[in-house]
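What follows is a single structure, written as structure tokens, with notes after it.
The values are calculated or read from the model by the stated rules, or taken from the named source; none is laboratory data. Since we're looking at a predicted model, the values are computed, not measured. Here Cβ is always computed from backbone atoms with ideal geometry, including for glycine, and neighbour counts include all displayed protein chains.
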Ligand code: GLU
């Protein structure tokens with residue numbers, strides 16, 4: 001059997017982490033089996049669908065490296081296919097026109113509520129005579145198309161994640177609406193219907209999607225049967241939960257892939273993390289891997305039934321691992337847009353080799369790419385603002401003496417280098433009879449405005465190259 005899977009996002013918002021994780025599982029499964037991964041945009045909800053969301057979704061998949069083999073197909077361009085299928089079901093007597101008004105439906109719901117019953121349509125228009133239909137039409141009522149669901153049907157499937165699933169027809173809310181009607185005949189077809197038509201048409205072998213679709217699957221299986229089509233295999237993946245164990249939602253802040261990108265997560269770390277959200281590789285100690293490696297090992301036996309908790313600390317850890325082992329030129333390419341967004345300007349010594357040196361200096365301290373902005377401030381601004389601790393340091397006895405001696409030494413140095421910097425410090429310690437710690441801390445406070453930070457000698461070298469070390473030493477001496 002050729003494995004064909006699909007991801008079918010609705011472009012009613014930016015690419016959501018849940019959809020992206022479902023896409024990851026589909027992609028892994030397709031690649032594991034040498035099958036096809038298909039992208040379908042479910043844009044039948046004309047009011048809520050927006051082209052900019054489609055663009056965001058495609059961008060997000062590209063960024064994550066989830067390349068697709070076919071598509072994107074757009075449901076909005078396939079309406080004729082759906083209408084034809086509705087006609088077929090109507091002609092076979094498997095679907096019918098229902099003229100129940102929204103007021104009547106509301107009244108029905110109220111009665112059911114009063115009796116503590118689950119809301120369901122009572123199938124009242126299932127067997128209308130042509131005369132009754134004509135009378136409703138004469139009244140000017142509009143209609144919807146409903147698909148018949150037998151209450152006594154049992155629907156069973158073997159879910160690849162959840163095992164045997166059983167539903168009763170009577171639990172599906174009565175005959176289901178598959179299309180709205182319009183003046184001209186069959187109107188807007190609805191999700192549960194079009195998804196089946198498309199999955200049949202696109203020869204989807206496995207439907208892999210979130211567990212919030214389980215009830216839809218039961219309905220959809222009945223549609224496959226009615227349409228005489230082969231029923232695909234189903235895998236319902238666990239939901240993503242927040243740390244409190246509730247479904248991850250907008251209230252949890254970040255949910256769109258582009259937000260994670262803006263926060264400075266790399267695509268590789270994020271995709272790696274999403275792979276672990278509900279799946280565990282056979283060698284459970286191995287947590288850092290590429291999508292290709294995961295694809296070799298992926299199967300549904302190791303996908304959890306229970307919801308997967310979204311753990312920011314774990315994602316941060318993974319991201320830092322990727323950043324710490326990334327080649328400098330690649331990391332520089334990723335950091336530059338963050339510097340640009342922060343308004344930092346380049347040139348006048350801040351050319352590529354200098355930028356790469358700065359990245360080397362910071363790389364091991366990064367958790368997210370955006371961290372580079374705060375850490376690089378002393379290297380991009382003309383002057384530094386002193387922290388309270390730095391001011392205190394500069395006011396310590398011996399501090400100004402040390403800095404004056406350093407300034408004199410560096411000003412007379414024709415070729416500044418790492419060795420020269422170290423020699424200057426040693427010489428000042430010796431000649432001024434000062435503690436090395438005091439000299440180092442004062443130098444750091446003068447150069448960076450802070451008493452903590454990355455390697456001091458390397459920071460000094462970088463500032464020297466853009467001629468900022470001497471003015472900062474002068475300013476710091478004046479503080480005393
Ligand atoms: N458009 C649906 C969604 O975004 C797709 C569900 C499915 O995969 O069938 O949830």
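Descriptive notes on the structure:
- In segment 298-342, residue surrounded by the fewest Cβ atoms within 10 Å (Cβ to Cβ) [restricted to those that are in contact with a strand residue (DSSP E or B) (Cβ under 8 Å, 6 or more places away or on another chain) and in a loop (DSSP other than H, G, I, E, B)]: 304
- Candidate set from segment 7-34 (those that are near the ligand (Cβ under 8 Å from one of its atoms) and in contact with a helix residue (DSSP H, G or I) (Cβ under 6 Å, 6 or more places away or on another chain)); member that is nearest to residue 191 (Cα to Cα): 9
- Single residue of 31, 97 found to be within 23 Å of residue 204 (Cβ to Cβ), in contact with a strand residue (DSSP E or B) (Cβ under 8 Å, 6 or more places away or on another chain) and surrounded by 15 or more Cβ atoms within 10 Å (Cβ to Cβ): 31
- Test result for residue 20, under 14 Å from the mean Cα position of the chain (by Cα) and closer than 20 Å to residue 276 by Cβ: yes
- Residue within segment 87-99 that is over 28 Å from residue 198 (Cβ atoms) and more than 37 Å from the chain's Cα centre (by Cα) present: yes
- Identity of the residue in segment 173-189, closer than 23 Å to residue 236 by Cα and in contact with a strand residue (DSSP E or B) (Cβ under 9 Å, 6 or more places away or on another chain), that ends up surrounded by the fewest Cβ atoms within 10 Å (Cβ to Cβ): 176
- Lone unmet requirement of (1) touching a helix residue (DSSP H, G or I) at 6+ places or on another chain (Cβ under 9 Å); (2) surrounded by fewer than 23 Cβ atoms within 10 Å (Cβ to Cβ); (3) under 21 Å from residue 291 (Cβ atoms) for residue 58: (1)
- Taken residue by residue, segment 162-172 has at least one member that is more than 16 Å from the ligand (Cβ to nearest atom), closer than 30 Å to residue 76 by Cβ and surrounded by 19 or more Cβ atoms within 10 Å (Cβ to Cβ).
- Per-region count, segment 401-421, residues surrounded by fewer than 12 Cβ atoms within 10 Å (Cβ to Cβ) and outside any loop (DSSP other than H, G, I, E, B): 3
- Of 189, 238, all but one fail to be in contact with a helix residue (DSSP H, G or I) (Cβ under 8 Å, 6 or more places away or on another chain) and either within 11 Å of the ligand (Cβ to nearest atom) or farther than 30 Å from residue 274 by Cβ (or both); the exception is 189.
- Pairs meeting the criteria (first residue in segment 187-215 and without any contact (Cβ under 8 Å) to a residue 60 or more places away in the chain and more than 19 Å from residue 149 (Cβ to Cβ), second residue near the ligand (Cβ under 10 Å from one of its atoms) and in a helix (DSSP H, G or I), beta carbons under 9 Å, at least 6 apart or on different chains) are 212/18.
- Options 58, 46; residue that is closer than 23 Å to residue 237 by Cα and either in a strand (DSSP E or B) or under 38 Å from the mean Cα position of the chain (by Cα) (or both): 58
- For segment 220-232, the set of residues classified as in contact with a strand residue (DSSP E or B) (Cβ under 6 Å, 6 or more places away or on another chain) and within 12 Å of the ligand (Cβ to nearest atom) consists of 232 only.
- Qualifying residue in segment 35-44 (condition: in contact (Cβ under 8 Å) with a residue 40 or more places away in the chain, over 19 Å from residue 179 (Cα atoms) and away from the ligand (no atom under 13 Å from the Cβ)): yes
- With respect to (1) modelled with pLDDT under 95; (2) farther than 29 Å from residue 6 by Cα; (3) surrounded by 12 or more Cβ atoms within 10 Å (Cβ to Cβ); (4) touching a helix residue (DSSP H, G or I) at 6+ places or on another chain (Cβ under 9 Å), the lone exception for residue 137 is condition (4).
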